[in-house]
There are 2 protein chains.
Amino acid sequence: MVSSSQLANAIRALAMDAVQQANSGHPGAPMGMADMAAALWTRHLKHNPSNPQWFDRDRFVLSNGHASMLLYAVLHLSGYDLPVAELKNFRQLHSKTPGHPEFGYTAGVETTTGPLGQGITNAVGFALAEKLMAAEFNRDGHAIVDHHTYAFLGDGCLMEGISHEAAALASAWKLNKLVALYDDNGISIDGPVSPWFVDDTPARFRAYGWNVIGPVDGHDAEAIAAALTSAKTSATAPTLIVCKTAIGKGSPNRAGTAKAHGEPLGAAEIELTRAALEWTSVPFDIPADIQAAWDAKEAGAKAEAEWQKRFDAYTAAHPALAAEFTRRMKGELPKHFAQTAVDAAVAAHTKAETVASRKASQIALEAFTAALPELLGGSADLTGSNLTNTSSTPPLRIDETGAVVLGNTAAGLPVIGRHINYGVREFGMAAIMNGVALHGGYIPYGGTFLTFSDYSRNAIRMAALMKQRVIHVFTHDSIGLGEDGPTHQSVEHAASLRLIPNLDVWRPADTAETTVAWAVSLENTTRPSALLLSRQNLPYLPKRDLGDISRGAYVLSEPSDVGIKKKAQAVIVATGSEVHLAIKAQEILARAKIAVRVVSVPSTTVFDRQDVAYKKSVLPAGIPRVAIEAGVTDGWWKYGCDAVIGLDRYGESAPANVLFPLFGFTAENLADTVRKVLSQKSR
Amino acid sequence: MVSSSQLANAIRALAMDAVQQANSGHPGAPMGMADMAAALWTRHLKHNPSNPQWFDRDRFVLSNGHASMLLYAVLHLSGYDLPVAELKNFRQLHSKTPGHPEFGYTAGVETTTGPLGQGITNAVGFALAEKLMAAEFNRDGHAIVDHHTYAFLGDGCLMEGISHEAAALASAWKLNKLVALYDDNGISIDGPVSPWFVDDTPARFRAYGWNVIGPVDGHDAEAIAAALTSAKTSATAPTLIVCKTAIGKGSPNRAGTAKAHGEPLGAAEIELTRAALEWTSVPFDIPADIQAAWDAKEAGAKAEAEWQKRFDAYTAAHPALAAEFTRRMKGELPKHFAQTAVDAAVAAHTKAETVASRKASQIALEAFTAALPELLGGSADLTGSNLTNTSSTPPLRIDETGAVVLGNTAAGLPVIGRHINYGVREFGMAAIMNGVALHGGYIPYGGTFLTFSDYSRNAIRMAALMKQRVIHVFTHDSIGLGEDGPTHQSVEHAASLRLIPNLDVWRPADTAETTVAWAVSLENTTRPSALLLSRQNLPYLPKRDLGDISRGAYVLSEPSDVGIKKKAQAVIVATGSEVHLAIKAQEILARAKIAVRVVSVPSTTVFDRQDVAYKKSVLPAGIPRVAIEAGVTDGWWKYGCDAVIGLDRYGESAPANVLFPLFGFTAENLADTVRKVLSQKSR
């Protein structure tokens, strides 16, 4: 009979050996949490190593991602497609065992973790998605959505501010199927934490309304397993299990010290640890009985088969729902969406309304939220400003029993609250949206002011790194915000978001561009998008057709459109609220017989992916280019501009119509700049 | 006799009238907190309206900065230089009453607030600086540093994650002279907060170890004043006073509703409010008796005079300390610092060591922390990685009585712990540093990994907006971080920090450049700086002299330095860890008789401020330019580059020496790129 300690020691041995082999990594946390992992993974976790995509598996999040070898060890031991060769290749190029767990690299890794505090927040998103999918799709006698979300987290995650936002929302939403296990080892990188971490964490979580269990002995698998059993009975509250552990447990000289955290134990200490653990196998070798005790393939296949049977019964009873469920979990848009998108763009074009682009966004969302029940919106306490809600997205509300408050559509589908009041928690919102997207079933979007994208920036980056379809609605996108002043006025944010690899950034100029930006963002399954929208009204810009908006930049107006028969002598490149100034400048210059093309650039990131021929057709070689955008100028020089009108300083508190001319954002100044560039070129 | 309510109603009247006049702003919070403000400002706050710079004044922070009219009202009423004309000009261009309180615009505004949660965190920095200055400078019988820090904050601040980081550190540091008043009105922008804010905030703060008072009736000035009296007796714990209020108090139809938050009441409701408050004065007019009751000029002058007498006695008893105190509070570096800086740079040049630039930073800090007792370092739990500590900066420790643990220098000056373990709290660290800098007496610096500048980004921006000397040490600045992988590898961060107006960004290439970067950052009193430093070793780069490093970019090597007598045919522009590749490429090209100049650019932001002549001397017109930096390429095109070698994607988890060649960061690839550019140009 294999003991719980032996199960845990298998993790310890693999972790210390892999870190030693890589001569890099973190042995302390995997060794400290080994008993917690053994208790959860061998006694509670519902999963099928042979099908890591099984929908109704429990989700496991390693929020303290530097403990990656713990996760790789349990995946390997449980029977996932992670052979020992990969463990031996820990932290090497293109291995399945990168330094921190990376979603998409390794079967069984549910989310990328490492930036502390975000994993537990992703887990809140997973648990929220599970709860909402259950509310939408389960029917009497058919509980097809019924899984837990487990997260491991450490002192570092709990010090991070985002842990506060995550914990508060988990409680507000009564996510009783979220179970967090706190690796309470009293050590962080700088040493024993008492001088800088004096929180009474159990009391803090009780203050949020969580069910707090423990402290339990984090090296007593029985105690942990019992705590997990108890956690699963929580009716309305998420659970925190406080596990008292020793970092580097098993290492005679390093256990309980900060030195165990981030460096290999060294050959000598590993030998001592082997002896202390009575672990006699050679590195990377697991005794057959221990391997067998870990192997979850058979139990996992059985669990999935049992679920499949239930899902088949559900399909028989509710065929339409089952089909919809399957589509939603695949992340496929309904077939009719392409037409919906075209119709919405054409409607915008036909109506040609003068509205703020945040309002244009709400108009587009009105159509798209009606067409896509998977759209799960929200705002960080700025709903009325971000305009992220629509008539088909009532606010999410949870009743006292923990149930999602439901309405009904005419078609008989229950409607959950699909617009989330995240509170003033931008970072939490972004990381929760990442968890929702990773779980599947929903396309999350959420709003705040563009300036506060600073607060959520690393979570936006994580979505881009993980290739997740998460849509950020950032309104009040410039000095156009006006009186709230420089603390709230974005200056560098558009340029700075464009630097995040694999993030699409849109700054549309009118209703049609905004609608297309939404459609492209929704159709884009491999990256997040950010929509930068104005507070102030923007005139509709007449255009011949809508086709090229989706290419990120297009010729909005040619000299011939303003009665000039010459070929363009210069190109004005503009985005968002400055495009109409470009059109006016074109008219001013036309009166002086200067022929100008206006290129609208709703998305530089999308345009940068177009083929060279298209790029050249929009920005022909040899013609001077002048860019205008109400923000920092740095990013525009790569387009070979001869001049850029922008704002390389902070704004001021004053009405928007005072600020634009103050900082040179006028058609006259733009026209003068074009003239100046032309005269320099002709010299 | 003027009643407390009348004092508060003066605030209410000014707030609703100014917002109405501007047709923009937030009346609800000022009206709701008016009684709190009256109790604090007329009964407790130690301040002198005639000298807002008086060192020993209490600091007041309005963390919910949208309530700016509350602050403007009490400043005006108390007798600060804020005439009624400025109140009438609320939120207009170049007024002293911008939409949110802006440090430097308005006498008596201690910090810029608006981005929620940061004000209370600044307040922690104020209180920390007070405590440390007291520990350093007070002597028996001479308590020259003895003031409180008061903060108002609302639900929004408490939802933000940073409030968790701030509260935890305030408790760890036993900041008993910090008193926060919570405007507990149960309303945020999206409405009554109960669906998204279920925290038991008093219990949460008790879990941190705070002294929690209340809830008290936030409209009962007596109760608030009594709570403040009690708060001042707290021996070791910071205090939270929970004040139950109604937002928009006084407005018959808007009070207690979200509608009171962010829009003018309107003329009709203002009339009703005037009637309800029995406020008969015309807009902006304050009855003489109420004005007199508010006037704090006489009491303030008396308080300062009393302190000045004590300071004179201190000066007589401890003349050297008094002089040092005065220098420190002025923010002036000691006269010898210029020489210290030169010596340190020359020493680096002479030793020509091959070390990581993070180590070079520590070497520079070793000299500078010895020379500057005002340097107050720290790290967000990465001390051993950031190398922010030195032999003269022991860790900050607080004993059980709340006293700062002291040592002694040979010179007899007590030494406080000058290196702060901030824990894993990057955003909190940054905003606390802002508060420390604003308080005066210290130059704060703090470290984390460059990637996690994302977490603190908005606080970095706030330091730049407020023109505060705060120095960020961002180590592990690229894929050179290696095995920790893409979650930890900065790609876009150097470029993205350079976009923040008024922030200096340094990415030095060797020990001399790092030393100069530190010196310039310390001498720069009107902006924050960020030092981007390598994890990996960098060779020393021979140079003729050190003079031009401080200009941000300089000619490091001419063709003649590698034996080529021609004038340069191309310029290679490089930063940080890539400069030595440029030198090697120069040598490779020299062997093919291609003459190349190497320009090292430790700081683009500093270089951008140089005069045109210097810029042209470094980057002469008409010669092709190739840039290389291990990060996104966008920012380099503004220098007229013909090619940029960079990384417009995420990195990988692998050793650094595998990653650099993988992504093209080799001298050979750089040399080939120069050849290619030259051949294109010659076509």
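The values are calculated or read from the model by the stated rules, or taken from the named source; none is laboratory data. Just so we're clear, the structure is a prediction, and the values are computed from it rather than from any experiment. So basically every Cβ, Gly included, is an ideal-geometry build from the backbone, and we count neighbours across all protein chains shown.
For segment B:69-127: of the residues being within 11 Å of chain A (Cβ to nearest Cβ) and hydrophobic (A, V, I, L, M, F, W, C), which is nearest to the chain's Cα centre (by Cα)?
Selected residue: B:PHE103.
Within segment B:144-157, is even one residue within 8 Å of chain A (Cβ to nearest Cβ), more than 26 Å from B:LYS467 (Cβ to Cβ) and either surrounded by fewer than 24 Cβ atoms within 10 Å (Cβ to Cβ) or of a type in the set (Asp, Glu) (or both)?
Taking every residue of segment B:144-157 in turn, at least one turns out to be within 8 Å of chain A (Cβ to nearest Cβ), more than 26 Å from B:LYS467 (Cβ to Cβ) and either surrounded by fewer than 24 Cβ atoms within 10 Å (Cβ to Cβ) or of a type in the set (Asp, Glu) (or both).
I'd like to check which helices (runs of 4 or more DSSP H) are fully inside segment B:27-99 and have at least 3 residues that are not small (Gly, Ala, Ser).
B:34-43, B:68-78, B:84-88
Taking the stated definitions as given, is A:THR487 within 17 Å of the chain's Cα centre (by Cα), modelled with pLDDT of 95 or more and not in a helix (DSSP H, G or I)?
no
Looking at segment B:218-230, is at least one residue acidic (Asp, Glu), in the same structural domain as B:ALA166 (by TED's automatic domain parsing), surrounded by fewer than 21 Cβ atoms within 10 Å (Cβ to Cβ) and in contact with a strand residue (DSSP E or B) (Cβ under 8 Å, 6 or more places away or on another chain)?
So far as segment B:218-230 goes, no, none of its residues is acidic (Asp, Glu), in the same structural domain as B:ALA166 (by TED's automatic domain parsing), surrounded by fewer than 21 Cβ atoms within 10 Å (Cβ to Cβ) and in contact with a strand residue (DSSP E or B) (Cβ under 8 Å, 6 or more places away or on another chain).
Taking A:THR97, is it under 22 Å from A:ARG469 (Cβ atoms) and in contact (Cβ under 8 Å) with a residue 12 or more places away in the chain?
no
In segment A:25-54, how many residues are crowded, with 20+ Cβ neighbours inside 10 Å and more than 23 Å from A:ALA275 (Cβ to Cβ)?
The qualifying residues number 9.
Looking only at segment A:377-390, which residues are under 19 Å from A:VAL470 (Cα atoms) and either within 14 Å of another protein chain (Cβ to nearest Cβ) or touching a residue at least 40 places away in the same chain (Cβ under 8 Å) (or both)?
A:GLY377, A:GLY378, A:SER379, A:ALA380, A:ASP381, A:LEU382, A:THR383, A:ASN386, A:LEU387, A:THR388, A:ASN389
Return a yes/no flag: does segment B:248-271 have any residue that is within 30 Å of B:TRP173 (Cβ to Cβ) and not hydroxyl-bearing (Ser, Thr, Tyr).
no
Yes or no, residue by residue, for (1) more than 25 Å from B:ALA380 (Cα to Cα); (2) in contact with a strand residue (DSSP E or B) (Cβ under 7 Å, 6 or more places away or on another chain); (3) in the same structural domain as B:GLY209 (by TED's automatic domain parsing):
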residue: B:GLY104; (1), (2), (3): yes, no, yes
residue: B:THR112; (1), (2), (3): no, no, yes
residue: B:PRO115; (1), (2), (3): no, no, yes
residue: B:ILE120; (1), (2), (3): no, yes, yes
residue: B:VAL124; (1), (2), (3): no, yes, yes
residue: B:MET159; (1), (2), (3): no, no, yes
residue: B:ILE162; (1), (2), (3): no, no, yes
residue: B:ALA170; (1), (2), (3): no, yes, yes
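Restricting to segment B:466-477, give me the number of residues that are crowded, with 24+ Cβ neighbours inside 10 Å and either away from every other protein chain (no Cβ under 14 Å) or touching a residue at least 60 places away in the same chain (Cβ under 8 Å) (or both).
Residues flagged as crowded, with 24+ Cβ neighbours inside 10 Å and either away from every other protein chain (no Cβ under 14 Å) or touching a residue at least 60 places away in the same chain (Cβ under 8 Å) (or both) within segment B:466-477 amount to 8.
Condition test on A:ASP642, is it of a type in the set (D, E, K, R), buried (at least 18 other Cβ atoms within 10 Å of the Cβ) and more than 38 Å from the chain's Cα centre (by Cα)?
No.
Looking only at strands (runs of 3 or more DSSP E) that lie completely in segment B:497-561, which have at least 1 residues being polar (S, T, N, Q) and surrounded by 19 or more Cβ atoms within 10 Å (Cβ to Cβ)?
B:529-533, B:554-557
Mind listing just one residue for me: the one in segment B:173-200 that is among the aliphatic types (A, V, I, L, M) and out of contact with any Cys (no Cβ under 7 Å at 6 or more places or on another chain) and, of those, farthest from the other protein chains (Cβ to nearest Cβ)?
Going through the qualifying residues, I end up with B:VAL179.
Among the residues that make up segment A:325-340, is at least one of them closer than 30 Å to A:ILE479 by Cα, in contact (Cβ under 8 Å) with a residue 24 or more places away in the chain and of a type in the set (Lys, Arg)?
no
Go through segment A:601-618 and count every residue that is touching a Pro at 6+ places or on another chain (Cβ under 9 Å) and not in a loop (DSSP other than H, G, I, E, B).
Adding up the residues that qualify gives 0.
Within the set of pairs 6 or more residues apart or between chains, which connect a residue that is under 22 Å from A:VAL491 (Cβ atoms) inside segment A:659-683 to a residue that is among the acidic types (Asp, Glu) and not in a helix (DSSP H, G or I) with Cβ atoms less than 7 Å apart?
Within 7 Å, the pairs are A:LEU659/A:GLU652.
In segment B:391-403, what count of residues is obtained for those that are at pLDDT 95 or above and away from chain A (no Cβ under 11 Å)?
Number satisfying all stated conditions: 4.
For A:VAL415, state whether it is crowded, with 16+ Cβ neighbours inside 10 Å, at pLDDT below 95, outside any loop (DSSP other than H, G, I, E, B) and outside the structural domain of A:LEU178 (by TED's automatic domain parsing).
It is true that A:VAL415 is crowded, with 16+ Cβ neighbours inside 10 Å, at pLDDT below 95, outside any loop (DSSP other than H, G, I, E, B) and outside the structural domain of A:LEU178 (by TED's automatic domain parsing).
Only one residue in B:ALA630, B:ALA621, B:ALA590, B:ALA643 is more than 24 Å from B:PRO508 (Cβ to Cβ) and either within 14 Å of chain A (Cβ to nearest Cβ) or in contact with a Phe, Trp or Tyr (Cβ under 7 Å, 6 or more places away or on another chain) (or both), so which one is that?
Every option except B:ALA621 fails the conditions.
Give the residue, chosen from B:LEU481, B:LEU465, that is in a helix (DSSP H, G or I), in contact with a Ser or Thr (Cβ under 8 Å, 6 or more places away or on another chain) and within 18 Å of B:GLY117 (Cα to Cα).
Going through B:LEU481, B:LEU465 in turn, the sole match is B:LEU465.
When B:GLU374 is evaluated against the numbered criteria (1) within 14 Å of chain A (Cβ to nearest Cβ); (2) in contact with a Lys or Arg (Cβ under 7 Å, 6 or more places away or on another chain), which criterion, by number, is the only one it fails?
Looking at each condition in turn, B:GLU374 falls short on (1).
In segment B:104-143, what residues are of a type in the set (Phe, Trp, Tyr) and crowded, with 24+ Cβ neighbours inside 10 Å?
Selection gives B:PHE126 alone.
Specify which of the listed residues (B:ALA360, B:ALA348) is away from chain A (no Cβ under 14 Å), among the aliphatic types (A, V, I, L, M), farther than 27 Å from B:ARG328 by Cα and surrounded by 24 or more Cβ atoms within 10 Å (Cβ to Cβ).
Unique residue meeting the criteria: B:ALA348.
Mind counting the residues in segment A:646-683 that are surrounded by 16 or more Cβ atoms within 10 Å (Cβ to Cβ), away from chain B (no Cβ under 14 Å), of a type outside the set (Ser, Thr, Tyr) and part of a loop (DSSP other than H, G, I, E, B)?
The total comes to 2.
Scan segment A:364-383 residue by residue and report those that are outside any helix (DSSP H, G or I) and either more than 13 Å from A:ARG418 (Cα to Cα) or not assigned by TED's automatic domain parsing to the domain that holds A:HIS476 (or both).
A:ALA380, A:ASP381, A:LEU382
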